[in-house]
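Undergrad: Just passing along the structure, written as structure tokens.
We did not get these values from a lab; they are worked out from the coordinates using the rules stated. Model, not experiment: these values are computed from the prediction. Counting neighbours? That spans all protein chains shown, and the Cβs are built from the backbone with ideal geometry, glycine included.
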Amino acid sequence: MNKPLRGKRSPLASVGLHVTLLTAAVIAVFPPLWLLVTSFKPKNDAFTTGLVSNFTFANYRHVVADTQFLTWFGNSVVVVGVTTVLGVFVAATTGYAVSRFRFPGMRPLMWLLLITQMFPVAVLIVPLYNLMASLGLLNQPAGLVITYLTIAVPFCAWMMKGFFDTIPVEIDEAGRVDGLNPFGTFWRLVLPLARPGLAVTGFYTFVTAWAEVAYASAFMTGEENLTLAGGLQTFVNQYLNDWGSMTAAAVIIAVPAALVFAFAQRHLVAGLTAGTTKG
């Protein structure tokens, strides 16, 4: 009597699995695809359910030429660039320190980094606003940089610790034998081996700062000071409903994130796997 092979799916189960995956893919792809389609429609056709009948670049021209979009873009590039560089450096050095050294307060520090991830934006925005106001950092890019670092660094430090745990300690010992100090060992020997983890950290920090809305809207006022997240809200609010410009601006904003993902994606799987299996 032939027994069915263990783990082999029946035809009905295979069809059900493929239908489920196809449905999930359509659900995931439909919103950005419809956003792209709407951005090429005339403003009067923004709410129509059909595809583009009168293809136009007017929404993109209006966003770039008639608004302060380029100013918002520049503000975002400065904030995100500084946040990403500082976030990667602080998270990497913190993760390396708690992975390699034992010092008083190390465990409370790691618990503190973990606990900070438990609080939602709605709870933190008021105390952070008061703190930034007392330091004179409202309407200043530095205020957003500090705020975004408080979001990204704790998670990234935990992830980098898990990644550094996978790198043999013998490499550090070899560096000390060659006369390198701890930072020299970290910078010259260990960090080059941590590129996948650094790619994940950089990508997460970039996305955190690039796509964040609540803090950017609360801490920055005046159109010349807004970042892209705050600038988008000027297209659709209680006084204006310019969905054509809104979708065009959103498409432009998505391009840098897609480019960063394409650049970092070859390291993302390895970095995420290493950071989670040993963390």
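Undergrad: Which ³J(HN,Hα) values, rounded to whole Hz and listed in residue order, are derived for segment 19-24 from phi using the Karplus coefficients 6.51, -1.76 and 1.60 in 6.51 cos²θ - 1.76 cosθ + 1.60 with θ = phi - 60°, glycine and proline given as x?
TA: The phi angles translate into 5, 5, 5, 5, 5, 4 Hz.
Undergrad: When the helices in the chain are scored as -39500 (n - 2.57) per DSSP H run of 4 or longer and the sum is shared across all residues, what 222 nm value do you end up with, to the nearest 500 deg cm²/dmol?
TA: Using -39500 (n - 2.57) per qualifying helix, the result is -23000 deg cm²/dmol.
Undergrad: How many nm separate the modelled label positions at LEU21 and ALA211, each set 7 Å beyond the Cα in the direction of the Cβ?
TA: 2.4 nm
Undergrad: Separate question: What list of ³J(HN,Hα) couplings, whole Hz, do you get for segment 201-206 from phi and the Karplus terms 6.51, -1.76, 1.60, once you set θ to phi - 60° and write x for glycine and proline?
TA: So the Karplus estimates, Gly and Pro as x, are 4, x, 5, 5, 5, 4 Hz.
Undergrad: If you average the sequence gap of Cα pairs under 8 Å that are 6 or more apart and divide by the length of segment 58-277, what percent do you get for the contact order?
TA: 34 percent
Undergrad: What range in the chain is the longest one free of trypsin sites (Lys or Arg not before Pro) that are in a loop by DSSP and have at most 12 other Cβ atoms within 10 angstrom?
TA: Answer - 103-279.
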